[in-house]
1. Calculate how steeply helix 13-32 sits against the longest principal axis of the alpha-carbon atoms of the chain, using the helix alpha-carbon long axis, and give the answer as 0 to 90 degrees to the nearest 10.
2. May I ask what percent, to the nearest 5, of DSSP beta bridges between residues of the chain are antiparallel?
3. Give the aspartates and glutamates reachable from Lys6 as a straight Cα distance under 17 Å; neighbours fewer than 8 places away on the same chain don't count.
4. Give the separation of the Cα centroids, region 12-54 to region 190-209, in Å.
5. Diagonalise the Cα gyration tensor of region 4-104 and give the resulting equivalent ellipsoid semi-axes, square root of 5 times each eigenvalue, largest first, whole Å.
6. Could you give the dipole magnitude of the chain about its Cα centre, charging the beta-carbon of Lys and Arg +1 and that of Asp and Glu -1, in debye to the nearest 20?
7. Identify all lysines with a Cα-Cα distance to Lys157 below 20 Å; exclude those on the same chain that are fewer than 8 residues away in sequence.
8. How high is the FRET efficiency from Phe277 to Ala154, r the C-beta distance, R0 30 Å, rounded to 0.05?
Amino acid sequence: MADETKIGTRWQDYELDAIVADYFDMLAGELSGRRHVKARHSSALMAKIGRTHRSVEFKHQNISAVLDELGMPWISGYSPKRNYQNAIFAAIDRYLSQCPEALELAAPREPIAATPVAIFVEPPAVRPSGTVPEALSRLIRKFDPVERDHRNRALGKAGEAFVVDVERRRLSELDRQDLARKVRWVSAMDGDGAGFDVLSFDSEGRQERLIEVKTTYGSARTPFFLSRNECELAKVRPSDWCIYRVHFFAMEARIFTVVPPLGNAVNLMPETWRASF
């Protein structure tokens with residue numbers, strides 16, 4: 001039962017730790033296909049920490065918003081709300097520091113059955129710099145989603161296989177089975193280094209599509225790495241080269257495309273330096 005004296009007061013660390021742990025338990029269940037009833041979790045939390053149902057639901061959505069920034073999936077039904085306070089960042093930091101395996105909750109998946117038309121969506125608008133609170137920026141740097149996705153070779157390969165399947169189905173649905181048969185998984189067949197992962201075609205077969213696949217379990221806004229080779233090919237063959245940004249891969253994968261010039265579509269920042277003697 002809610003404690004009326006807590007209404008409008010700041011959440012204490014023990015309350016935040018309880019709701020964050022419960023959230024990750026629900027998320028793990030959802031990603032693994034294990035059934036859970038959100039109302040039961042909320043009721044148990046209300047009884048444990050004395051917060052109202054409205055307060056608990058809002059805090060769940062705050063957690064979703066932070067996970068979005070960390071390039072992680074969130075619980076369906078708890079859409080992100082960014083009216084968070086710094087204390088939630090610290091609580092999520094404590095949880096992930098103690099349970100780093102929670103960063104890898106999702107597993108590579110098979111391509112979904114949705115039609116290519118449903119899979120492709122509009123890209124997100126470029127967000128102005130300086131809009132993320134500094135405490136959240138520190139959390140993002142500590143649990144860097146870009147580096148995490150980059151290291152996850154299984155995720156990358158699964159995303160490329162997904163795109164190969166999507167492209168073959170897209171061309172087949174356009175009655176171009178001849179082109180569908182020519183779609184090549186270049187990075188798997190020829191190795192990395194070509195500057196793109198999948199060779200496909202437009203519906204007329206007159207123009208190649210050199211597709212660089214970038215995959216994340218997170219949302220469309222999750223940042224990603226681009227190599228020097230990829231950026232150079234984008235300049236050399238701007239009408240052919242593009243990025244397929246595969247996102248929400250742990251749930252119901254969607255794709256948006258990014259085409260050159262890249263500086264018009266994304267914020268590009270130098271990330272690494274090459275040192276030599």
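Quick note: the coordinates plus some simple rules give every number you see, no bench work behind them. Keep in mind that what you see is a predicted model, and the values were worked out from it rather than measured. No Cβ is skipped: glycine too gets one built from the backbone with ideal geometry, and neighbour counts run over all protein chains shown.
1. 40 degrees
2. On the way: 11 of 18 bridges.
So the antiparallel bridges in the chain amount to around 60 percent.
3. The reachable aspartates and glutamates, counting only those whose Cα sits under 17 Å from Lys6, are Glu15, Asp17, Glu57.
4. 45 Å
5. 20, 16, 13
6. Details: 39 positive and 38 negative charges, 64 e Å.
Charge dipole, the chain, about its Cα centre: 300 debye, nearest 20.
7. Lys182, Lys214
8. Numbers: r = 35 Å, r/R0 = 1.17.
E(calc), rounded to 0.05, equals 0.30.
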